[in-house]
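Comments concern the structure below.
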Amino acid sequence: MGENPDGVAETTSAGRERLLGILDLARWAPSGDNTQPWRFEIISDDVLVVHGHDTRDEVLYDFDGHASHIAHGALLETMRIAASAEGLRLDWTHTADADDRHVKYRVQFAPSADIKVDPLYPFIEKRVVQRRPMRTTPLTESQLSALLAAAGAEYSLQFFESFSARRAIAGILWDNAYIRLTCPEAFPVHQRIIEWGARFSKDRIPEQAVGVDPLTAKLMHWVMQSWERVSFFNRYLMGTILPRVQLDYLPALSCAAHLLIKPKVPPRRLEDWISLGQTVQRVWLTATQQNLHLQPQMTPVIFRWYARAGRQISRDLAFVGLLQALAAHFERVSNTAKDESLGFFCRVGSSTPPKGRSLRMDVSDLTR
């Protein structure tokens, strides 16, 4: 391997193919609404830079960029797992601007005789989001133990398994969905994240993965052409009812359990959010390994971040009270103190694989 005139190490054909193979798997890491907030810059056979960004200026749900930072952590963990199949150790460092909007992760791979193929490796591409109802078959002791072990010592897991517990969560999600569907600042996000009429999507959520029936999908597509239509439908035609039933309430009841990941130490630094993302990916891949599907339910957590930080989500001050009530409701049901941190919230259960799913952009489109 030589040096080019600019002093950047050149890659060999075999080394580049190995690195591209790792990236081809790593790109399957989860990110909010399939935003994929990263781009790759290959420096050499064993070094690359991940240019991470966040979407806080465009996406209401990316509170202070933390949702994107969690996704960065999931990417790094997926990259580490993928590298293990090549007998490579992964080390990374990072630099960031003042408010962590743009983060550069310098990732280096090195051969190590101690590295064994991570048991989660076969499940990187199999991991999907299941937004439709799942079976209510209870989690087994081995499944519970595996999920607890995946979280590690720095996080606690709280399961909501009984029907009454799932019904309580359904009530939270019902109220949460009202905020989500009536907040004008959330509308641009909802309008652009769905690829209508599609079974698969490389950069959005395809219609067939949304979780509603075809008739409701057609109605949603028509209504979401403008905020004026949405507002009229919500005000006069009870427009939030049908999507809240299909997207929130029924799926909340139809699962094995809801799962809440709580950091034992409140995340304050960028590294803490990255660590949370690494844990989320290990838990999610472990669920896949255990023949379970998972659906993130992050908006109640994110709205609570806003509420407890005293921040607004809308120019309409009515949402201040709605957020505070939602946060208090969530805390009562989950027995969480006001100053206690919540990291990730989802539902899990067994089901047939979803017919539609989000794909990913090609490595060539993600590489600078």
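Residues in segment 24-45 that are buried (at least 19 other Cβ atoms within 10 Å of the Cβ), charged (D, E, K, R) and not in a helix (DSSP H, G or I): Arg27, Asp45. Residues of segment 307-365 that are in contact (Cβ under 8 Å) with a residue 24 or more places away in the chain, among the hydrophobic types (A, V, I, L, M, F, W, C), surrounded by 14 or more Cβ atoms within 10 Å (Cβ to Cβ) and not in a loop (DSSP other than H, G, I, E, B): Phe319, Leu322, Leu323, Leu326, Ala327, Phe330, Val333, Phe344, Phe345, Cys346, Val348, Val363. Residues of segment 92-106 that are closer than 18 Å to Arg39 by Cα and either within 22 Å of the chain's Cα centre (by Cα) or surrounded by fewer than 14 Cβ atoms within 10 Å (Cβ to Cβ) (or both): Trp92, Thr93, His94, Thr95, Ala96, Asp97, Asp100, Arg101, His102, Val103, Lys104, Tyr105. Is it true that Leu76 is in contact (Cβ under 8 Å) with a residue 60 or more places away in the chain, farther than 30 Å from Ile179 by Cα, hydrophobic (A, V, I, L, M, F, W, C) and not assigned by TED's automatic domain parsing to the domain that holds Arg311? Judged against the criteria, Leu76 is a match. Across segment 191-232, the qualifying residues are those that are of a type in the set (Lys, Arg) and closer than 22 Å to Gly32 by Cα, and the one among them that is farthest from the chain's Cα centre (by Cα) is Arg199.
The helices (runs of 4 or more DSSP H) falling completely within segment 110-198 that include 2 or more residues that are in contact with a Leu (Cβ under 6 Å, 6 or more places away or on another chain) map to 141-151, 163-182. Evaluation of Val265 against the conditions (1) in a helix (DSSP H, G or I); (2) farther than 30 Å from Ser351 by Cα shows that the sole unmet condition is (1). Flag set for Asp64, criterion: closer than 27 Å to Thr299 by Cα and under 19 Å from the mean Cα position of the chain (by Cα). Scanning segment 24-50 for residues that are within 11 Å of the chain's Cα centre (by Cα) and either outside the structural domain of Ala71 (by TED's automatic domain parsing) or among the hydrophobic types (A, V, I, L, M, F, W, C) (or both) yields one hit, Ala29. Of the residues in segment 132-147, none is without any contact (Cβ under 8 Å) to a residue 24 or more places away in the chain and basic (Lys, Arg). Here is a check on your reading of the model: is Val212 aliphatic (A, V, I, L, M), modelled with pLDDT under 95, outside any helix (DSSP H, G or I) and in contact with a helix residue (DSSP H, G or I) (Cβ under 9 Å, 6 or more places away or on another chain)? So Val212 passes the test. The set of residues in segment 279-306 that are in contact (Cβ under 8 Å) with a residue 60 or more places away in the chain and closer than 19 Å to Gly65 by Cα comprises Thr279, Val280, Gln281, Pro296, Gln297, Met298, Thr299, Pro300, Ile302, Phe303, Trp305, Tyr306.
The values are calculated or read from the model by the stated rules, or taken from the named source; none is laboratory data. Everything quoted here is computed from the prediction, not taken from an experiment. Using ideal geometry, Cβ is built from the backbone for each residue, glycine included, and neighbour counts are taken over all protein chains shown.
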